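The structure under discussion appears below in the form of structure tokens.
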């Protein structure tokens with residue numbers, strides 16, 4: 001059995017080695033998004049190990065069984081040399097039994113890493129839609145949302161804009177168990193996504209602050225959309241639909257009358273009689289209505305808290321949410337073959353990005369005070385070339401969401417790109433060559449009306465120019481011929 005003091009020494013050494021390993025990780029600049037994720041997860045694993053070893057070391061210092069005190073007494077007593085030789089004998093016996101056991105420095109464990117296994121674990125951590133934590137995958141939450149009662153049916157892109165806007169959900173829907181299950185799933189997914197993409201983020205502290213702030217607002221009745229309920233004491237009709245034994249307010253008389261014969265109501269009424277309540281006074285009814293209203297409102301507190309927590313999580317993940325919205329818009333304008341090619345391009349772009357960042361680390365910072373575009377060699381292009389191509393001229397496009405294109409070449413090219421195609425699709429206008437150079441929404445609508453009007457005129461002109469001949473050799477235009485034939489005159 002190892003000495004308690006030796007176990008403590010090894011635990012202290014391991015803590016120091018772990019701290020050094022974390023420092024080495026943090027001083028190394030990651031190359032790209034994937035490398036940063038791997039580094040954060042490695043540091044998080046080291047921190048978890050530090051916490052576990054610290055708990056173990058603390059238990060040794062607490063000395064619940066008194067073994068540490070007994071060992072200290074043994075080596076500090078009068079028989080210190082006998083204890084020394086006894087331990088020396090144990091050490092020699094161990095090496096005699098195991099003469100070829102090697103000694104591996106503790107820091108070797110942290111230096112030798114299986115990068116292939118780490119990358120495989122990271123890839124298995126995210127779905128294909130999440131793109132290594134770049135985008136949110138809310139398709140399951142979206143399916144649950146659209147199946148809720150009395151909610152507006154929207155598409156997935158619109159859902160990405162409003163899934164944290166709970167004011168649009170009716171209060172009757174919020175009282176259903178399906179809505180509570182939806183909130184629990186959405187909150188759990190966002191917490192899990194945050195833990196996978198930002199493992200070093202202190203989520204527990206943030207959640208504690210959110211709960212504390214929510215409890216204070218709930219007590220004051222200032223939670224948005226969840227104010228304290230009130231009732232009109234002069235509303236005799238509502239008062240007549242309140243069941244004192246069941247402590248429940250009904251809204252329909254038919255439902256109220258039907259529940260009077262139920263077992264639950266009969267049992268509650270009997271319990272009320274046992275308490276000595278033989279008659280219901282207006283004061284007792286008013287007090288009971290208020291207590292029942294407060295109790296029913298308190299049952300909804302976990303739902304309101306979940307909404308507050310989801311809003312805070314969305315605030316933290318705002319960048320991923322914006323990237324997800326743009327990614328979905330872009331995918332909707334692509335065909336199946338283009339989607340496959342785009343997925344391959346994403347992998348290539350990531351590798352290029354990693355290579356570019358590695359080169360940037362090796363090279364010195366380029367002096368570029370005019371913010372000129374970079375050429376093929378990674379250096380700013382000449383200023384005369386910048387002026388020649390008009391790269392300093394801005395071309396805004398209202399159809400693209402007021403996106404600004406720099407230079408005529410980029411402006412001409414964008415009419416066939418996904419952003420402009422998506423904008424035209426939202427307007428309900430085909431993205432044909434007729435609308436080249438059209439950047440304003442009103443102009444696009446006017447031109448589309450002219451094209452539709454012209455196409456109708458061409459069709460009517462074609463009908464009048466086309467001629468038909470009957471059996472007698474009489475010639476008619478298409479419209480007259482079809483009318484006479486329909487009337488049986490031919």
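Derivation of every value follows stated rules applied to the coordinates shown; laboratory data play no part. Owing to the predicted nature of the structure, the values given are computational and were not obtained by experimental measurement. Note that each Cβ is placed from the backbone with ideal geometry, even for glycine, and that neighbours are counted across all protein chains shown.
Observations on the model:
- Residues 485, 92, sorted so that the one with the fewest Cβ neighbours within 10 Å comes first: 92, 485
- Counting every alpha-carbon pair across region 366-490, the share separated by more than 22 Å comes to 61%.
- Convex hull projection area averaged over all views, region 71-187, Cα basis, nm²: 16.6
- Translational diffusion coefficient (Stokes-Einstein; Kirkwood radius from C-alpha pairs) of region 4-122 at 25 °C, 0.890 mPa s, in µm²/s: 138
- Subtracting the Cα-Cα distance of residue 452 and residue 64 from 0.36 nm times their residue separation leaves 130.8 nm of extension gain.
- Here region 25-68 and region 172-209 have alpha carbon centers that stand 26 Å from each other.
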